[in-house]
1. Just a yes or no: is a residue in the stretch 148-163 buried (at least 19 other Cβ atoms within 10 Å of the Cβ) and in contact with a strand residue (DSSP E or B) (Cβ under 6 Å, 6 or more places away or on another chain)?
2. What is the residue count in the stretch 189-203 for residues that are without any contact (Cβ under 8 Å) to a residue 40 or more places away in the chain, surrounded by fewer than 20 Cβ atoms within 10 Å (Cβ to Cβ), in a helix (DSSP H, G or I) and in contact with a strand residue (DSSP E or B) (Cβ under 9 Å, 6 or more places away or on another chain)?
3. Being over 25 Å from residue 68 (Cβ atoms), free of Cβ contacts under 8 Å to residues at least 40 places away in the same chain and touching a strand residue (DSSP E or B) at 6+ places or on another chain (Cβ under 6 Å) is true for just one of 269, 305. Which residue is that?
4. Just for helices (runs of 4 or more DSSP H) wholly inside the stretch 52-126: which have at least 1 residues that are closer than 30 Å to residue 246 by Cβ?
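The values are calculated or read from the model by the stated rules, or taken from the named source; none is laboratory data. All of these numbers come straight from a predicted model, not from anything done at the bench. Cβ sites come from the backbone with ideal geometry, for glycine too, and all protein chains shown count toward neighbours.
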């Protein structure tokens, strides 16, 4: 297969993906503008543009509709079903719907859902859809700063911490994607430690729509979360330059090279982020993943990086 035919097939595939799955995020003009970031070569095995097209043809994009469905699954599979099973076990395996619904209502009143990060970040952005899709009340949600309050003694002016609402027995933190688990670990060192110090019986959960296997393991090992889970776990095969990379399973039959692709992705990634560590995504996550609301920094920077001389394909809204 010559370079022209292969590139043409890739461009057709990307056009169809954009029209049918990517919510028309990528048009011919934007794709060509992005391709100008890369060098070309008559030999497809040494052509950066051909390899860049191939990488993008394996991009996983989740639009608003898919995110909403995933949020329904998260509520059902990570919260509601386990809760029903617990209620039944505590009531001699009852199947009486009235009793189960009554207990669910009570447990829900003692539960609050929160986003990871401050109110402007993607974790909290998802809460709006999460509330709508699962028919929840706005009272079932709060910000992390509403969990603990400070009181100053009028006698010695000493400041003490207390839980604002002692009736809340479960806090569930939601996130869109977990790469390394760093943010959840930072939360554990600060907020979760304070909650557990005030009341160790309170249950605190972390649920993400997507997570690397490493991220899940890291959070389970290094945080105070009582329960950790995700809807879609990304194993090593989703890291596009790993030994098990699914994107390059048919490499021998195609005019592409994983080593060549990794080399130029790393080269440009270092220039874009001024970092060797994050040149292939945050802490070398090496993902090809994006959402309607943003592109995570775990994705290859050549996809979302933006400078005066580099045009992104899927824009990332940075945290400044």
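1. no
2. 2
3. 269
4. Per the criteria, 64-74, 81-90.
Results for (1) more than 22 Å from residue 258 (Cα to Cα); (2) free of Cβ contacts under 8 Å to residues at least 40 places away in the same chain; (3) surrounded by fewer than 19 Cβ atoms within 10 Å (Cβ to Cβ), shown as yes or no for each residue.
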residue	(1), (2), (3)
17	yes, no, yes
26	yes, no, no
36	no, no, yes
43	no, no, yes
59	no, no, no
65	yes, yes, yes
75	yes, no, no
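Yes or no, residue by residue, for (1) surrounded by 13 or more Cβ atoms within 10 Å (Cβ to Cβ); (2) touching a strand residue (DSSP E or B) at 6+ places or on another chain (Cβ under 7 Å); (3) outside the structural domain of residue 286 (by TED's automatic domain parsing); (4) outside any loop (DSSP other than H, G, I, E, B):
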| position | (1), (2), (3), (4) |
| --- | --- |
| 176 | yes, yes, yes, yes |
| 205 | yes, yes, yes, yes |
| 210 | yes, yes, yes, yes |
| 221 | no, no, yes, yes |
| 225 | yes, yes, yes, no |
